[in-house]
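The values are calculated or read from the model by the stated rules, or taken from the named source; none is laboratory data. As the structure is a prediction and not an experimental result, all values here were calculated from the model. Glycine gets a Cβ as well: all are built from the backbone with ideal geometry, and neighbour counts include every protein chain shown.
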Amino acid sequence: MCNCDGFPKEFECPIINDLCKYKNALYKPSQVTTDWEGYKSYLSSVKPAFHPKMLFIGHDMSEIENITLMALGGVVRYMNGEAHYLLCGPQNIHLAFDIIHKFQSEWIGINLYTGLTTYVFNWLMQYKIEKARSVTKKLISDFETADKILKGLVRETKGPVYEGNKLVYAPVMIGGHYNNYDFRESWNRGGDYVVRGKGINLLRDILLGLYTPGIYHDPMPYANIPRMDRETFYKDTFEFSDATKKYALSRIKSVLTALGCRYACTYCYIGSLIDNLREAYKDSSIKPPSIIQDRPVETVIQEGIDIVALDKVYGIKTTAVFDQADVSLNNIKWWEQLKDQWIKNVGIPFYVQARPAMLAGKKGKERIDMLAKDGLIAGISMAIESGDPKVRKLLLNRHESNSVISDAINNVKSINIPLRTQSIVGLPVLRPLQMVNPVKSRFSLIGHDGKEYYYDDPIQESLKCLELVCSSDFGKEDYYWNALYSPFPGTPLGDYTIAAGFADDNTDDRAYQFASDSGLKCFTGITLKRQIAFSQTSNFFAHFNNRKGFDDSVSLWE
């Protein structure tokens, strides 16, 4: 779905539906920007003095570049602004003060990752107290007062706060999947603008001064992400620290071919986007598009060309491009349009993600054959998650049968494409430790026939996935990859683990990413040790730090 005019000529807010917990921003197609080059020229003519400066802050723990920040930076760039990037950890976030001063950043955008938030909020508290003291010329010592004063000033200006020509306060926007559940916490702990859902349209209009401080949600999955600001992202992260040089120097780069996912797996927060979209538009006159939206072929190809050009700058050769779309192969016609141009102008193979049902059967075989021809893809990642079909169906809301999964693996291997299977170790398959309140969760491992499918020894459930994969044509060049389960509040499975007494809803200390310890408190003693040992052992050849990859020098997943 796109705006036929390319961009709106008027600067106005969309329909705002205040739900009290947050405000839904209901953008129509005519209100979004799809022609970013045209919009850049238009802003130059009607707002010649408009050149926003923004610093994006994120964590430095990821092994692949942050495409969210690069996409948002693209918005700033196409608004004739200047974006910069800081990826840091607890040990060096204090340097943000120097970087804000160096670039005279008028806005601060923080991408919050669940479990990697405490050090960010601590820094934000210090930032706000210092700025409130500077603005008021008073010795303010408590955060709540400082936050209230600064939010009030931003409410008046709808943007950066100046004293004459001097910038005295850069407002703080907070986004990221932390806000899927803890958006109120982001507001209470310092965000002037808290963004939930897709941030492209909201960022544009916040920068234009159309919004006052608050919590805003954009549920519409428009695929209007501009060409990413990869060049500046690599430059800033390369210069900042040895740890963040890896993004420019990695031989595996990332792109995003599509937004959204039509599946509602219970452990993934992406699935909640479907419910969010339905809820947001149920009483409006606006018909939302499909939850899955493909990005323009030309934009993705240009990003591939950017990767090739930047390889020359940093003296490396990218060997694969990882498509971070949740389901890469949803629209095979899109890939047919991309194929010849990508091979001719970029020439770097993709690594894609697909569901078993997309790869199984005759249609799946045809899809794989088309992608494999001329070396368009270097490998496929396929999530299985559990080898027990009852666990997949009742607990994970995944309905492919074991035979479909095996057929998918065999189809991929029939043309010798490297495959990475994914599984979850340490799922909450024990009987609940307490009575589950049906208001909080209706999940259980009890079938419609009343039969129970709980495990006394959870490692047996994990072994079923390994057995399923090994009974196929899985080869030595493939990866059996797994991660220990981390419950994420706000997802159906996360809510179930809390309601069942397996975990709590404290997200401050546990990152929702690959962990070396179980995220559930119900596993102890030898049971816990077995799970950790199994995860680490079965992951040995597929781990990020494994130096054997498809070119025998680098792993795709590092």
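Structure notes:
- So Gly109, is it of a type outside the set (A, V, I, L, M, F, W, C) and over 29 Å from Leu150 (Cβ atoms): no
- Sole residue being more than 30 Å from Thr497 (Cα to Cα) and surrounded by fewer than 18 Cβ atoms within 10 Å (Cβ to Cβ), chosen from Glu303, Glu239, Glu279: Glu239
- Of everything listed in (1) surrounded by fewer than 20 Cβ atoms within 10 Å (Cβ to Cβ); (2) more than 23 Å from Thr33 (Cα to Cα); (3) of a type outside the set (D, E, K, R), the single unmet condition for Ile252 is (1).
- The set of residues from the range 104-118 being crowded, with 17+ Cβ neighbours inside 10 Å and either modelled with pLDDT under 95 or in a helix (DSSP H, G or I) (or both) comprises Leu112, Tyr113, Thr114, Gly115, Leu116, Thr117.
- Per the listing Leu493, Leu468, the residue uniquely assigned to a helix (DSSP H, G or I), at pLDDT 85 or above and in contact with a Pro (Cβ under 9 Å, 6 or more places away or on another chain) is Leu493.
- Any hit, the range 441-464, residues being in contact (Cβ under 8 Å) with a residue 12 or more places away in the chain, more than 20 Å from Gln536 (Cβ to Cβ), surrounded by fewer than 20 Cβ atoms within 10 Å (Cβ to Cβ) and under 31 Å from the mean Cα position of the chain (by Cα): yes
- Filtering Ile384, Ile405 for residues that are within 22 Å of the chain's Cα centre (by Cα) and closer than 29 Å to Pro458 by Cα leaves a single hit, Ile384.
- Test set (1) of a type outside the set (Lys, Arg); (2) surrounded by fewer than 21 Cβ atoms within 10 Å (Cβ to Cβ); (3) touching a residue at least 60 places away in the same chain (Cβ under 8 Å); (4) under 21 Å from Cys20 (Cβ atoms) - Leu208 fails condition number: (4)
- Number of residues in the range 418-449 that are of a type in the set (A, V, I, L, M, F, W, C) and modelled with pLDDT of 90 or more equals 8.
- Within the range 282-300, the residues that satisfy the criterion of being surrounded by 13 or more Cβ atoms within 10 Å (Cβ to Cβ), part of a helix (DSSP H, G or I) and either without any contact (Cβ under 8 Å) to a residue 40 or more places away in the chain or among the aliphatic types (A, V, I, L, M) (or both) are Val297, Val300.
- Taking the conditions (1) assigned to a loop (DSSP other than H, G, I, E, B); (2) modelled with pLDDT of 90 or more; (3) of a type outside the set (Phe, Trp, Tyr) in turn, Gln460 satisfies each one other than (1).
- Leading residue by the ranking (surrounded by the fewest Cβ atoms within 10 Å (Cβ to Cβ)) among those in the range 341-367 that are among the polar types (S, T, N, Q) and in a helix (DSSP H, G or I): Asn345
- When Leu329, Leu396, Leu338 are checked against the criterion of being part of a helix (DSSP H, G or I) and either in contact (Cβ under 8 Å) with a residue 24 or more places away in the chain or not small (Gly, Ala, Ser) (or both), a single residue qualifies: Leu338.
- Qualifying residue in the range 9-17 (condition: basic (Lys, Arg) and exposed (fewer than 14 other Cβ atoms within 10 Å of the Cβ)): yes
- Here Asp478 meets the list (1) at pLDDT 90 or above; (2) within 26 Å of Gly364 (Cβ to Cβ) almost entirely, failing just condition (1).
- Candidates Gly197, Gly191, Gly152 - the one that is farther than 23 Å from Asn506 by Cβ, crowded, with 20+ Cβ neighbours inside 10 Å and of a type in the set (Gly, Ala, Ser): Gly197
- Cys88 meets each of the listed conditions (1) buried (at least 17 other Cβ atoms within 10 Å of the Cβ); (2) closer than 26 Å to Asp218 by Cα apart from (2).
- The residue of the range 18-46 that is surrounded by the fewest Cβ atoms within 10 Å (Cβ to Cβ), among those that are in contact (Cβ under 8 Å) with a residue 12 or more places away in the chain and among the charged types (D, E, K, R), is Lys21.
- Strands (runs of 3 or more DSSP E) wholly inside the range 1-93 that include at least 3 residues being under 18 Å from Gly109 (Cβ atoms): 53-59, 82-88
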